[in-house]
Structure formats: structure tokens, C-alpha cells
Amino acid sequence: MPRAPPPLSARFRLDGHRALLTGAAGGIGEAIARTFSEAGASLALVDRDAVRLRALARSLSTAGPAPIVAPADVTRVAEVARAVRTAAAGLGGLDILVNAAGVTAKGSVATTDPAAWRALLDINLTGTFLVCHEAVPHLRRSKDAAVVTISSVYSLIGGRDRAAYSASKGGLDALTRSMAADLAPDGIRVNAVNPGFIRTPMTAPTLRDPKAMRFFRAATLLPRLGDPQDVADAVLYLVSPASRFVTGICLALDGGRALGR
Ligand code: NAP
């Protein structure tokens, strides 16, 4: 006999869940923080900008305790360890980790400076590893843990003039599948989402470039570009009880761009 699922009203709720979000001061991170807060989660917010984190924490209307603000640069081992410790201590444990901290950079293999390559990989790929490395022992103690990493459609299709960024996101997809395999016996689900063009501070320079915007609109099959809430809703699904049998997927959220028609 199939097991009875939680009622629909509970399947997309996060009441009692304790979530650590990196990149929380950014466009997608903020939308996830607001959505999780609305869904009843208690939050620990991590980013390198403490001022923006504190402003976000003040603006979140949580019924429960105020969000924990834990500033850290995800490339710095000691800062990441301290932020995860602060988050777990303040929330009384961790059930959810969302990795949204990241940067982008233009350049092909020929034009990317090796130091710039290393710096980007250090944030997007190694930074995510460091946060996971510190968070997994806490997630193992949860009854119902989930990790979601914000990858990119460029890991699926290869971004023109985005060699380091695409490689970093390809690494995150592989890390997601590897972690899903390693952590499944502990009941920890690990997934990624792969957004296409989303309107955030990261893409603000592109939004001001009419030629680039013509390209992105033409490459996106649906007749609009993405908003941070499009990503936040998919992340909510992937950490909520509604996706309790889903692990190891990399979910394109790109208005059909990866179809390449
Ligand atoms: P965003 O607004 O720039 O947010 C990214 C956040 O991460 C920023 O607050 C940024 O701080 C922070 N961050 C960068 N490096 C960090 C570090 N070393 N330590 C701690 N925090 C750091 O960009 P977004 O569009 O919301 O991007 C969020 C994630 O989605 C990124 O991983 C991005 O690659 C991915 N994504 C975005 C799009 C898109 O179209 N927007 C598409 C696909 C994937 P600073 O502001 O100080 O850099």
C-alpha cells in the first residue's frame, strides 16, 4: 500500500524547517529568503555583505524568531566554518541548505586571464563545496534534509564567452549528483536548478544593453525573461515535502532556452 502523503496544505510548507541560504543578499537569494520565510522556515542568511544582509533580515516578516545574520566570504574556510556554526547554533540545527552565492564573468578560454579563472572557480565551485563540507554534519542530524544549488543553463548548453562561469556551473551539476549519491543513505536530498536569464543585480548590465537583450529574448522560447520568484518557487518545491522522492536532478528553469530551437 502507498504511504499516505502529508495533506496538500503541508506539502509546500516549511514550518519547523531550519534553512541556511548563501548569496542571500543577492537578487535570487533574497527571493528565496522571502519565499522560505512565507512558507514558515526559520532562516540563517549568509553573504559577504553584512549591511545588505542585516537590511534583508529586518525586512522579513517572520512569525518565528528573527533570521540569523552570518556574514562570510564563501572562499574563506574559517569564515564559512564560523558562519555555519553560528547558523546551526542559532537555529538549533539545519534541515535545508541553499547555495546561491556566485559571480559571473565574460571571457572565452582564449581571453580569460588564468587568475580570473581561478578566482571565479574559487567562489562558484570551491565556495559551494566549502559550505556543503561544513553543513553536511548538521544536515545528517536532521530527519528531513535537502540541499539545492543554483547552477545555470550554461552548464547544460555552454555559455558563449562565459568559459569559466559555464565550467563552474558544470562542476556544480556534477557535485550535486555526487552528493546526492553519497548522502541518499542519510535521507538527505541534493538537487540543483539551472536558471536561464533572470532579472537581478547580476544581469543589470545586460539589461542595459539592447543588442544583448535582443539575443536573450530570441533565445528564450517563452515570451518573457525570468524573475527571481521563478527560481524561488522551484527551490521551494525542491526543499519541501512535495519533492520528497526527488534527488540528484538538475532542473532547467530557462523558459525553454536549453531546447535550443
Ligand atoms: P546577485 O544578485 O549578484 O547575487 C549573488 C550574491 O552572491 C551577491 O549578494 C554576491 O555578493 C554574493 N557573493 C558573491 N561572491 C560571494 C562570496 N565570495 N562570498 C559570499 N557571497 C558572495 O546574482 P543572482 O542573479 O541573484 O545570482 C544568484 C545565483 O544564481 C548565482 O550563483 C548565479 O550564478 C546564479 N544564476 C543567476 C542567473 C541570472 O540570470 N541572474 C542565471 C543563472 C544562474 P556581491 O554582490 O558582493 O558580489
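Quick notes
- Segment 94-165 and segment 28-53 have Cα centres lying 18 Å from one another.
- Surface share of carbon and sulfur [accessible, 1.4 angstrom probe, percent] for the chain: 57 percent
- Computed [θ] at 222 nm, helices only, for the chain once each DSSP H run of length n ≥ 4 contributes -39500 (n - 2.57): -13000 deg cm²/dmol
- Rg [Å, one decimal], Dmax [Å, integer] - segment 54-207, C-alpha atoms: 16.5, 52
- In whole angstrom, the chain maps to an equivalent ellipsoid with semi-axes of 28, 21, 19, each derived as √(5λ) from the alpha carbon gyration tensor and ordered largest first.
- Accessible area of segment 43-89 divided out per residue, in Å², using a probe of 1.4 angstrom: 52 Å²
- Highest-fluctuation residue, Ala66, Ala87, Ala212 considered, GNM on the chain with Cα pairs under 10 Å: Ala212
- For segment 15-134, the orientation-averaged shadow of the C-alpha convex hull comes to 7.3 nm² (one quarter of the hull surface).
- If R0 is 30 Å, the Cβ-Cβ spacing of Ala212 and Ala174 corresponds to a FRET efficiency of close to 0.55.
- Segment Asp182-Ala81, length gained on full extension (0.36 nm per residue, minus Cα span): 34.2 nm
- DSSP-loop trypsin sites (Lys or Arg not before Pro) across segment 10-97, with at most 15 other Cβ within 10 angstrom: Arg76
- Qualifying lysines (Cα of each under 27 Å from Cα of Lys106; at least 8 residues distant if same chain): Lys169, Lys211
- Taken one residue at a time, the phi angles of segment 24-33 give Karplus couplings (6.51, -1.76, 1.60, θ = phi - 60°) of 5, 7, x, x, 6, x, 5, 4, 5, 4 Hz. Gly and Pro are set to x.
The values are calculated or read from the model by the stated rules, or taken from the named source; none is laboratory data. Predicted model, so just to flag it, every value in this text is computed and none were measured. Cβ atoms come from the backbone with ideal geometry, glycine included; neighbour counts cover every protein chain shown. Heavy atoms of the whole protein, side chains included, go into the accessibility calculation; ligands, DNA and RNA do not. Shrake-Rupley method; radii C 1.70, N 1.55, O 1.52, S 1.80 Å.
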